[in-house]
Structure formats: C-alpha cells, structure tokens
Amino acid sequence: MTKNIAVIKGDGIGPEIITEAMKVLDAVAEKYGHTFNYTQLLMGGCSIDANGEPLTKETIDACKASDAVLMGSIGGDTTTSPWYKLPPNLRPEAGLLGIRKALGLFANLRPCVLYPQLSGACPLKKEISDRGFDMLIMRELTGGLYFGEKKTETVDGMQVATDTLVYSESEIRRIAIKAFDVAMKRRKKVTSVDKANVLESSRLWRKVITEVAKDYPEVTLEHMLVDNSAMQLVRDPAQFDVMVTENMFGDILSDEASMITGSIGMLASASMNETKFGLYEPSGGSAPDIAGQNKANPIATILSAAMMLRYSFDMTDEADAVEAAVSKALNDGYRTGDIMSEGMTKVSCSEMGDIIAKSV
C-alpha cells in the first residue's frame with residue numbers, strides 16, 4: 001500500500017523527533033511492504049523566517065493533497081524569540097489555528113496512558129499510580145473562545161476586552177459522534193465535560209451530547225462539570241475512558257492529564273476531520289532549550305505516527321507493532337533524559353529511534 005504523508009518538522013526539537021518517527025515508519029514500510037512518500041513542508045517559526053508568515057497557502061494545499069500530516073513542534077521561546085514581537089496573527093501558533101481550520105480538524109484525540117514501566121514518574125500518590133490509567137481526551141478544536149469574535153475597545157475611558165464563546169448544534173453533534181465511536185472501540189464509557197451550571201453554550205452542549213448518546217445504548221454516558229473533572233483527574237484518573245469537551249476546557253484538561261503520566265514526552269496526539277484524514281503530532285512543545293542537542297524524547301512522536309497508521313490508514317497490525325516496540329524499549333530499560341531513573345540506560349533521541357525501529 002502506498003500513502004502520501006505531508007511532513008511538517010517545525011521548530012525547536014521538531015526536526016529531531018520527526019526524523020525518528022520517519023525512521024520508525026520506514027521500518028514499518030519495509031516489514032509490511034508499504035511505500036510512504038514524504039512531502040516536507042514549512043509551518044510555524046521556520047515558515048516565518050522563510051516566508052514571512054506562519055502558514056502559507058502552498059503548505060495548506062500540499063497537506064490537502066496528502067493522506068495524512070505528520071507534524072513536529074511549533075514555536076519558540078516566547079520571551080526571547082523575535083517571532084513573538086510580531087502581531088498575534090503572524091506568530092507561530094497562528095499557523096496551528098490556521099491549519100486546523102483549513103483542514104477541518106475539529107476533533108483532537110489525546111491518549112493519556114500511564115505505562116507500568118514509568119509509574120514511578122507519576123506525581124500522584126502510589127496507591128493511585130499503581131492502579132494505572134488509560135484514557136483518551138477528545139477536544140473540540142475549531143469552535144469556542146479561540147475562534148469566536150474578539151475585540152478590545154475603550155468604554156467610559158477604560159479598555160475592555162471581549163472574547164466570544166459560540167457553539168452550534170452541528171459542531172457539538174459531530175464531536176459527540178466521534179467520541180462515542182471511539183468509546184465503542186475502548187471500554188464504552190464517555191464522560192462529557194462542561195460548565196452547564198453557568199454557561200449557555202454548555203447547556204446546549206449537554207443537551208446535544210445526551211441526544212447523541214441515545215444512538216449508542218452500549219456506551220455509558222456521564223456528565224461532569226469542568227472544575228470537578230480537574231479534581232477527579234488527580235484523585236482517580238482510572239475512572240475515565242473517553243472524555244469529550246469543548247476547546248478551552250480540553251486544552252487545559254489534556255495538559256493536566258499529560259502531566260500525571262509522568263512526562264509529556266510520552267503522549268501522542270491526533271487531530272481529525274469528518275473523514276479519516278488527520279494531523280498527527282506530539283503533545284509537548286518545541287523545547288527550544290534542548291533543540292539540536294539530541295536530548296529530546298521522540299516516543300510521543302513515534303506513538304503519534306502509530307495513531308496515523310491506525311486511524312487514517314487502517315493499518316492496525318502495523319500500529320500494534322510500533323506500540324509494542326515502544327513498550328519493549330521501555331521494558332528493556334532504555335530511557336531518554338526526561339524519563340530517566342536509577343538503574344536504567346540513558347539514550348539519546350536518535351538512539352531511542354534506532355532501538356524502536358529495530359524492534360518493529
């Protein structure tokens with residue numbers, strides 16, 4: 001099978017971790033008889049340097065012509081980089097918002113798994129981490145506060161800033177369907193997170209989620225307020241299977257969930273549209289302080305590539321092989337610096353990629 005993959009290496013550690021993911025994908029292609037064609041594109045800070053803008057039409061068109069997008073990290077040091085002296089619409093992160101909108105990527109899937117080999121890195125109490133957890137947070141990506149009307153104006157001599165939170169029934173319904181479809185392949189439980197005691201948009205969210213649930217009688221649905229969800233994530237994360245929520249709540253909760261796994265360098269991410277097309281990227285940032293030093297953890301990016309195989313290409317065996325190779329590397333005691341512990345073998349970014357590729 002031949003697949004065309006748009007590759008955006010991005011900024012900071014992005015080029016290093018994407019190189020290792022491509023190394024693993026090449027091992028998959030060789031073992032299973034596939035051909036992966038890569039088209040390398042610019043987005044983020046590197047695109048600003050080359051093109052004067054974080055996202056070009058050429059990059060959007062090339063992504064649309066591909067079967068999936070594999071992306072590294074975007075952005076730099078917000079205090080020192082000249083990129084952050086530009087207007088907000090020309091900064092690196094504007095490229096992220098732009099590509100999500102252009103490609104219709106409304107559903108972000110972020111698995112949060114505590115690997116048994118890394119339970120000691122979990123910041124929660126041992127009795128909690130020993131139970132482990134395996135959840136998936138599904139975040140709506142193209143609506144809500146981040147995309148609503150924004151303005152700053154002077155009212156009675158004082159500056160007033162306004163961000164508008166808007167959700168339509170159709171936007172809520174399509175993310176709900178994605179969440180229930182994913183839950184059917186997991187443990188058949190959906191937790192819908194909102195703020196229905198305060199927000200009108202959340203009351204509509206809860207109404208539509210409840211309607212969609214009727215089409216999935218095998219799936220258990222619970223509603224949970226966002227503040228309670230934040231507490232429950234650190235009290236008993238094992239209770240969650242699929243959490244679905246709106247854009248800003250999902251942004252915050254998914255980062256919280258990532259940290260209780262012990263390292264954000266372990267967490268994959270997918271953003272999908274209404275077809276099987278998706279953009280796959282690690283959950284972590286660009287880590288400019290270690291960029292170019294071969295210290296980054298490539299596992300999140302490699303696991304993102306596994307998600308691409310599973311969700312966009314329907315290559316289940318191949319995805320399983322990559323995930324098994326990651327587990328084997330951890331079982332064999334190999335660790336990058338961010339997950340290093342006593343008695344383990346410390347390896348570089350490229351060495352970890354070599355080890356996992358060899359095990360595929």
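A few remarks follow.
- Amide H partners (placed H, <5 Å) of ASN294, local residues excluded: none
- Once the C-beta distance of LYS64 and VAL166 is scaled by a Förster radius of 25 Å, the resulting FRET efficiency is 0.45 to the nearest 0.05.
- Evaluated with a Cβ-only charge set (Lys, Arg +1; Asp, Glu -1), region 123-260 carries a dipole of roughly 520 debye about its Cα centre, given to the nearest 20.
- The three principal axes of the Cα atoms in region 123-260 give end-to-end lengths of 56, 38, 23 Å, sorted in falling order.
- Estimated FRET transfer efficiency when R0 is 56 angstrom, pair VAL198-ASP130 (beta carbons, to 0.05): 0.95
- Protection proxy ranking of 296-305, 339-348, 326-335, by the mean of other Cβ atoms within 10 Å over each peptide's residues and highest first, is 296-305, 326-335, 339-348.
- Ranked by the mean number of other Cβ atoms within 10 Å per residue, highest first, peptides 308-320, 271-283 order as 271-283, 308-320.
- Kirkwood Rh and Cα Rg combined as Rg/Rh, the chain: 0.96
- Using the average count of surrounding beta-carbon atoms within 10 Å as a protection proxy, the listed peptides 172-179, 145-152 rank, highest first, as 172-179, 145-152.
- Considering helices alone, the calculated mean residue ellipticity of the chain at 222 nm is -12000 deg cm²/dmol, with DSSP H runs of length four and up weighted by -39500 (n - 2.57) and normalised per residue.
- Among beta bridges from DSSP that stay inside region 123-260, the antiparallel ones total about 30%.
- Whole-Å distance, taken between Cα centres, linking region 83-161 and region 341-360: 29 Å
- Summed side-chain charge close to VAL208 - residues other than VAL208 whose Cβ falls under 14 Å, Lys, Arg +1, Asp, Glu -1: -1
- Nitroxide proxy distance, nm - points 7 Å out along Cα→Cβ at LYS328 and ASN89: 5.1 nm
We did not get these values from a lab; they are worked out from the coordinates using the rules stated. Nothing here was measured: the structure is a model prediction, and the numbers come from that model. Glycine also receives a Cβ, built like all others from the backbone with ideal geometry; neighbour counts cover every protein chain displayed.
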